[in-house]
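These notes concern the structure reproduced below.
Derivation of every value follows stated rules applied to the coordinates shown; laboratory data play no part. Source: prediction; values computed, not measured. Positions of Cβ are generated from backbone atoms using ideal geometry, with glycine treated the same way; all protein chains shown enter the neighbour counts.
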Amino acid sequence: MKNDISIVLSGEAGQGIKTVELLIIRALKNSGYNVFSTTELMSRVRGGNNTTEIRVSNERIEAYVDKIDILIVLSKNAILRIENRLTKDTIIIGQDSFIEEKYKNSQYIIKYVALSSLAKEVGGLIYSNVITYGLLSGIFDINLNLIKESITRHFSTKGKEITDNNINAVIKGYEKGKELKLGIQVEKDEKIKNQVLLSGTESIGIGALAGGCNFITAYPMSPSTGVIQFLARHSEEFGVVVEQAEDEISAINMIQGAWYAGARAMTTTSGGGFALMEEGISNAAITEVPIVIHLAQRPGPSTGLPTRTEQGDLNLALYAGHGEFPRIIFAPGNFTDGIYLTQKAFNLADKFQVPVIILTDQFYIDSFQSIKSIDFTDFKVENFVTRTDKDYKRYKNTEDGISPRGIPMQGDGFVRFDSHEHDEGGFITEDPDIRIKMVDKRFKKLESYSKESIDAEIIGSKNYKTLIVGWGSTYGVIKEAIEKLNDNDLAFAYFKQVYPLPNNTKEILSKAKELIIIENNATSQFGQLIKRYTGMEFTNHILKYNGMPFSLEEIIEKLKGMQ
Amino acid sequence: MTTIFDFDQIPETSWCPGCGNFSILKVLKEALDELKIDPKNLVISAGIGQAAKTSQYINSNCFNGLHGRALPVATGIKASNPDLIVVAEGGDGDMYGEGGNHFIHAIRRNIDIVNIVHNNMVYGLTLGQASPTSRKEFKTPLQLEGVSSEPFNPIAVAISLGASFVARAFSGDMKQMKEILKEAVKHKGYALVDIFHPCVSFNKINNFKWFKDNTYYLNENYDNTDKMEALKKAFETDKFPLGVIYTNGKNKTFEENLIAYKNDKRPLYKREVDLEKIEKLLN
Ligand SMILES: Cc1ncc(C[n+]2csc(CCOP(=O)(O)OP(=O)(O)O)c2C)c(N)n1
Ligand code: SF4
Ligand SMILES: [Mg+2]
């Protein structure tokens, strides 16, 4: 069989598909396979139909695909919603009662595995997940000892009896998996074993810790909440203040108090919460208190599609807050960049005293992928806090617009932050000349930042005639499509800094004869931004806004149609 | 009397002559001075309004942020550096209206801060609309036929949410106000000091005389550690009691409960980042 297998687990919310996903992707990675997984959920806690896609390949993969090679059916009504993704080669695995009649007498290959009965033999339906894990491990012929060890580790806190039962369960599943003789042979790569597996959420959380984040507050909102929960789990180990705020307005103001007193603070939210933070962002701009905000997008307006994905909030991030002021916006497309950019966000916020926003989305946040290990000693937590002297002036006008930032109890001066227009000392002023100086001073910081600005990356042919532009989470799918198309005229410009526009924007765009933009939204917000700053227009737009990420097949087909 | 919190050059205030804010400012500075508080260790977190301007006239650290948001800012400050003495200050509109949700939750958290609310029962800065504490039938340029909503009762709300120190003062009695403020600063845990003060420009009803006539001092024998008694006092509105209405220092503070301080008592700014330990998370 092929070197690129896509497995889909389909079941109900609350069944524990996540557990199977986490166990199997780790086992696959540790056996030397490239893995990528992504989950799509209905906005409910029980029932409905949720699916998780796991891709296993001999090459690096970072995208969602439509095709399903192996479908594991874990409940009734688990096929209908994804019926159009089945092909004649799809192998459907599940128990008789979960597979509806109409699929039984069709072109599909069906392998009956009585998961529930097997689970009951071990001790109850609760073991179904571990049996499924065993089943997949057997299909991929993963070393059984490795699987057993993973079970022992996973249930280490649950006592011997539960662990033993789960070992039994995993073996049962494993044997079934081997019995099926699906003949899957994906090439392995020893080097993958040394890679690290993580989720989008973890990339932001780990990046934050590496940036010296020691304070996080947020109001829960999908898909952003994982980040504060991640830091909560590591609160004691790394000394992170973690607090659930009463609302997003509180969160955005609390992190300003935290930075003011010397912490490195962040908040995490989604569009609706971010909208509530707008006034606070504006406050950070004039008081020049650093802030870092993670904005995990989901489709709006309003409640929209709470558990789905979209790149619809770029404009929100770009224009949030009343008044005119600078900001920096990053949009990582892969987890390595997620770690690097989040890490950097804290240094930049501290240095330039501007809001730094990290834009992700549900697809990014809920996906898993392995990345090359990162040498953390390369990171530097840069601290720009200065000791104050007696005559300290918080808003001293400097060449680069950056006024040295002091904190209370560090030095002999007073630290006076003010949300009114103010003079250098932080006192309220309505003097028109000082006003102009202060506005200019704040914008000078953006000019100063341009020296550190992060360029867009070109992937594909250096002598491209057609340039595809993408930003954030579409990175993986566009990159894979470009590689598959292997066309000398084609390249992909990946923007991980979306504002200010990277210094090389105009240069890379003007080299192309044709410009295509791909965005997971309805109005091509990034295309409009590029047009506004460069005057350049896109000849073709590939846009998607049904709440789902782009699939690889979809992008390849659309790009082929344009040539 | 000059205090260590005075500026060398007395700043011009933006208050109307005769406004109660002058007394509150004066007394607050004196109280802090008498407690020998080092201005370097103090932060005033203020919102927006005439009351919140107080932060501008105290020579110390301050964060004069948004209308309604002094409490979240104060929470962030105190949680990041528990060594600081943090005062969150503003008006009745600021703290109970725009910041009402924060008021509720700051109390629940029991952060060790002093929350001073200049309660003139009106929106001063925006020229005289009703505030959450405006009495019924109070006429304004916006409530032309008078306020019809029930007035907000900060004392009752604070006590019922478990506030550990709840007091009411009147700007017309500077001596008592000073005592109460000193108690509040010394108190460990969240302390609310609601200060009645007349707005001479926009509240012609609840003026100096009205406050004098409609308040009384709590009796010497009053037990302010009895929660149910305190609640009864909180609901007295024909004459409002003045003094420390409720106090209880038993609960742990917000900062004490934070996991971040379990193994390390140092404020956050003194801590190092262990990158190697973070790298280990990636496995
Ligand atoms: C978000 C926001 N809404 C409204 C205002 C306008 N505003 C400023 S102060 C204020 C109310 C002032 O009343 P209060 O807090 O009681 O203070 P006072 O002036 O009476 O001391 C209002 C509505 C604002 N600054 N910000
Ligand atoms: S408007 Fe009222 S509260 Fe404001 S300064 Fe004047 S008298 Fe005082
Ligand atoms: Mg008022």
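Taking R0 as 25 Å, what's the FRET efficiency between B:ASP213 and B:CYS16 from their Cβ-Cβ distance, rounded to 0.05? Mind dumping the intermediate values first?
Details: r = 22 Å, r/R0 = 0.89.
Efficiency computed from Cβ-Cβ geometry: 0.65.
Need one value for A:378-390: mean number of C-beta atoms belonging to other chains within 10 Å of its residues' C-beta atoms. Kindly include the intermediate steps, with their values, before the conclusion.
On the way: counts 1, 4, 2, 3, 0, 2, 0, 1, 0, 0, 2, 0, 0.
What the average comes to for A:378-390 is 1.
Just going by the charge dipole of the protein assembly as shown, with Lys and Arg at +1 and Asp and Glu at -1 on Cβ, which of A:GLN353, A:ASN3, B:VAL117 is farthest out on the positive end?
Of the listed residues, the answer is A:ASN3.
So for region A:197-372, Kirkwood radius off the Cα pairs, Stokes-Einstein at 4 °C and 1.567 mPa s: how many µm² s⁻¹? Numbers along the way, then the final one.
Numbers: Rh = 15.5 Å.
Once the numbers are plugged in, D ends up at 84 µm²/s.
What do the square roots of 5 times the Cα gyration tensor eigenvalues come to for region A:324-428, in whole Å, largest first, as semi-axes of the equivalent ellipsoid? All intermediate terms of the calculation are to be shown ahead of the outcome.
Details: eigenvalues 243, 56, 21 Å².
Three semi-axes, in Å: 35, 17, 10.
Could you tell me the extents of region B:20-282's C-alpha atoms along the three principal axes, largest first, rounded to whole Å?
67, 42, 35
Over region A:4-192, what number does the Rg to Rh ratio reach, with both radii from the alpha-carbon atoms and Rh per Kirkwood? Could you put the intermediate results ahead of the total?
On the way: Rg = 15.6 Å, Rh = 16.6 Å.
Using Cα coordinates only, the ratio equals 0.94.
Rank B:LEU127, A:LEU115, B:MET1 by how far each Cα sits towards the positive end of the charge dipole of the protein assembly as shown (+1 on Lys, Arg Cβ; -1 on Asp, Glu Cβ) and give me just the farthest.
Sorting the options by dipole projection puts first A:LEU115.
List the residues whose amide H sits under 5 Å from the amide H of B:ASN214, counting only those 5 or more places along or on another chain, with H placed 1.01 Å from N in the peptide plane.
Under 5 Å from the amide H of B:ASN214 lies no amide H from a residue far enough along the sequence or on another chain.
Work the Kirkwood hydrodynamic radius out for region A:203-283: mean of 1/r over every pair of different alpha-carbon atoms, inverted, in Å.
12.4
How much of the DSSP bridge set in chain B is antiparallel, in percent, rounded to the nearest 5?
Working: 5 of 34 bridges.
Just about 15 percent of them are antiparallel.
Any idea what % of Cα-Cα pairs in region B:153-195 are farther than 17 Å? Numbers along the way, then the final one.
Working: 268 of 903 pairs.
The answer is 30 percent, as a whole percent.
Any idea what diffusion coefficient region B:150-238 gets from Stokes-Einstein, in µm²/s, Kirkwood Rh on alpha carbon pairs, 10 °C, 1.306 mPa s? Write out the running numbers ahead of the final one.
Numbers: Rh = 14.1 Å.
The Stokes-Einstein estimate is 113 µm²/s.
Taking the Cα-to-Cβ direction at A:SER373 and at A:LYS2 and moving 7 Å from each Cα, how far apart do the two end points lie in nm?
Using points 7 Å along Cα→Cβ, the separation is 3.3 nm.
Through the Karplus equation 6.51 cos²θ - 1.76 cosθ + 1.60, θ set to phi - 60°, convert the phi angles of region A:334-342 into ³J(HN,Hα) values in whole Hz; use x for Gly and Pro.
Couplings: 9, 6, 5, 5, x, 5, 4, 6, 5 Hz.
Under 15 Å from a label point 7 Å along Cα→Cβ of A:GLU514: give me every residue in region A:452-485 with its amide N that close.
Residues A:464-469, A:482, A:485 qualify, since their backbone N sits under 15 Å from the label point.
Structure shown: which of A:LYS344/A:LYS451; A:LYS120/A:LYS172; A:LYS191/B:LYS280; A:LYS344/A:LYS531 lie over 23 Å apart, alpha-carbon to alpha-carbon? Write out the running numbers ahead of the final one.
Values: A:LYS344/A:LYS451 14 Å; A:LYS120/A:LYS172 12 Å; A:LYS191/B:LYS280 19 Å; A:LYS344/A:LYS531 27 Å.
Beyond 23 Å: A:LYS344/A:LYS531.
How big is the Kirkwood radius of region A:385-452, worked out from every pair of different alpha carbons and given in Å to one decimal? Intermediate results must be reported in sequence, preceding the final value.
Details: mean 1/r = 0.0797 Å⁻¹.
Radius from the Kirkwood sum: 12.5 Å.
Compute the whole-percent fraction of alpha carbon pairs in region B:189-283 spaced more than 21 Å apart. Can you show the working numbers first?
Values: 2669 of 4465 pairs.
Percent of Cα pairs beyond 21 Å in region B:189-283: 60.
How big is chain A along each principal axis, measuring the range of its Cα positions in Å and listing the largest first?
81, 59, 42
Residues with amide H under 5 Å of B:ARG69's amide H, sequence separation 5 or more or different chain, H placed in the peptide plane at 1.01 Å from N; which?
Under 5 Å from the amide H of B:ARG69 lie the amide H atoms of B:ILE48, each far enough along the sequence or on another chain.
Cβ neighbours within 10 Å, averaged per peptide: list A:447-455, B:266-274 in order, most packed at the top.
Values: A:447-455: 14.2, B:266-274: 16.6.
Highest to lowest by the protection proxy: B:266-274, A:447-455.
Can you work out ³J(HN,Hα) from phi for every residue in region A:436-443, in order, using Karplus 6.51 cos²θ - 1.76 cosθ + 1.60 and θ = phi - 60°, giving whole Hz and x for Gly and Pro?
Couplings: 4, 4, 6, 4, 5, 4, 5, 6 Hz.
Starting at the first residue of region A:284-299, write each ³J(HN,Hα) from the Karplus equation 6.51 cos²θ - 1.76 cosθ + 1.60 with θ = phi - 60°, in whole Hz, x for Gly and Pro.
Result, rounded to whole Hz: 5, 5, 7, 6, 6, 8, x, 8, 10, 10, 9, 10, 8, 6, 9, x.
Using modelled amide H (1.01 Å from N, peptide plane; none on Pro or chain starts), what sits under 5 Å from the amide H of A:GLU12, excluding residues fewer than 5 places away?
For A:GLU12, the qualifying residues are A:ASN50.
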